[in-house]
Amino acid sequence: MSENFKRGGLLYEGKGKKVFQVLGHENKVLLLFKDDLTAHQGRKTGSFPKKGEVCKNISSLIFKYLKKEDISTHFIQDINSQEMLCLKTEIIPLEVVIRNQLAGSTANRLGIKEGTEIKKTLLEFYYKKDELDDPFVSEGQIESLKLIPDFNWLEPIKKQAFLINKKLQFFFEKAGLKLIDFKMEFGLFKDKLVLADDISPDSCRIWENQTEERLDKDRFRRDWGKVEESYKKIESLLYQQWGHFLKNNS
Ligand code: UDP
């Protein structure tokens with residue numbers, strides 16, 4: 001019989017999620033996916049019904065797939081339609097962005113057309129600091145300015161980020177989708193590096209393979225409409241292809 005995990009205090013509230021301590025389990029947290037959508041550092045807000053559920057479902061499916069592929073993540077199990085149980089990690093304050101095709105901030109900053117093919121997969125770091133709007137940082141800055149507690153984790157993070165990208169490119173490709181770019185966060189659990197946070201259409205760019213129709217948060221950021229429809233389309237295509245993981249994993 002599955003254990004009853006009860007919410008303790010709120011540890012953190014972000015733009016798309018709340019993180020609660022689990023009562024009586026020092027090493028576990030509950031992630032609650034909110035229906036809110038935000039963009040442009042919180043200056044634009046919106047929501048749609050069950051958005052939290054859609055993002056939780058996508059994220060949970062991704063974690064289950066990665067587990068099968070021997071990637072360590074903080075995911076433990078689903079709790080209900082909007083919540084998942086995860087390990088409580090010590091978050092490394094970096095947003096790790098992988099780009100397979102150029103879009104968004106880097107395309108804008110360098111004046112290069114979105115969708116441009118990238119010769120070699122790009123990995124970028126952004127320093128997690130809300131009050132600074134998470135600025136881009138170089139590896140040199142991370143090391144010299146001691147932006148993370150232990151610089152020795154940087155190489156394993158890079159290696160793991162590229163590996164996760166390979167797995168996820170395949171995962172989306174099989175469902176008729178293209179993973180253009182995405183953001184990851186890593187944490188330490190008992191001195192082991194694990195993928196943390198979540199991966200959902202809020203933190204990825206996902207285009208339909210055949211039509212190049214954009215299905216991710218850019219629809220909201222850029223007022224293109226059909227946000228709910230697009231998120232649900234990603235969910236449905238992924239379930240059609242990978243739904244069997246849900247039957248075999250809690
Ligand atoms: N991203 C994210 N959170 C952030 C910034 C970026 O999840 O705070 C994701 C974003 O959805 C995209 C990728 O990281 O999939 C690259 O984002 P980019 O640097 O292009 O920034 P944007 O212009 O999207 O803010």
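Each value in this text was obtained by applying a stated rule to the coordinates, not by laboratory testing. What you see is a predicted model, and the numbers here were worked out from it, not measured in a lab. Neighbour counts are summed over all protein chains in view; Cβ atoms, including those assigned to glycine, are modelled from backbone coordinates with ideal geometry.
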Compute and list, largest first, the equivalent-ellipsoid semi-axes of the chain from the alpha carbon gyration tensor, each √(5λ) rounded to a whole angstrom.
25, 23, 18
Between Ser144, Ser72, Ser200, which gets the highest mean-square fluctuation from a Gaussian network model of the chain, Cα cutoff 10 Å?
Ser144
Euclidean distance between Cα centres, the range 31-46 to the range 200-249, Å:
17
Principal axes of the range 1-65: Cα extent on each, largest first, Å:
40, 27, 20
Placing +1 at every Lys and Arg Cβ and -1 at every Asp and Glu Cβ, with all other atoms neutral, what dipole size does the range 1-150 have around its Cα centre, in debye to the nearest 20?
420
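Got the relative contact order for the chain handy, in percent, Cα pairs under 8 Å and 6 or more residues apart?
Values: 434 pairs, mean separation 44.1, N = 250.
Answer for the chain is 18 percent.
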Going through Lys17/Lys233; Lys67/Lys183; Lys159/Lys217 one by one, the pairs whose alpha carbons sit over 25 Å apart turn out to be Lys159/Lys217
Work out from phi, with θ = phi - 60° and the Karplus expression 6.51 cos²θ - 1.76 cosθ + 1.60, the ³J(HN,Hα) of each residue of the range 56-63, listed in order in whole Hz, and give x for Gly and Pro.
4, 4, 5, 4, 5, 4, 4, 4
Taking the chain and counting helices only, DSSP H stretches of n ≥ 4 at -39,500 (n - 2.57) each over all residues, the nearest-500 ellipticity at 222 nm comes to -9500 deg cm²/dmol
Where is the GNM fluctuation largest for the chain (alpha-carbon springs, 10 angstrom cutoff): Leu61, Leu179, Leu132?
Leu132
What trypsin sites (Lys or Arg not before Pro) in the range 1-107 are in a loop by DSSP, with at most 11 other Cβ atoms within 10 Å of the Cβ?
Arg43
Convex hull around the C-alpha positions of the range 154-217: the volume in Å³ per residue is 76
For the range 129-222 the trypsin sites (Lys or Arg not before Pro) that pass both the DSSP coil test and the at-most-14 other-Cβ-within-10 Å test are Lys129, Lys146, Lys190, Arg222
Surpassing 32 Å at the alpha-carbon level, of the pairs Lys6/Lys129; Lys18/Lys146; Lys88/Lys146; Lys146/Lys226; Lys158/Lys226; Lys50/Lys178, are Lys146/Lys226; Lys158/Lys226
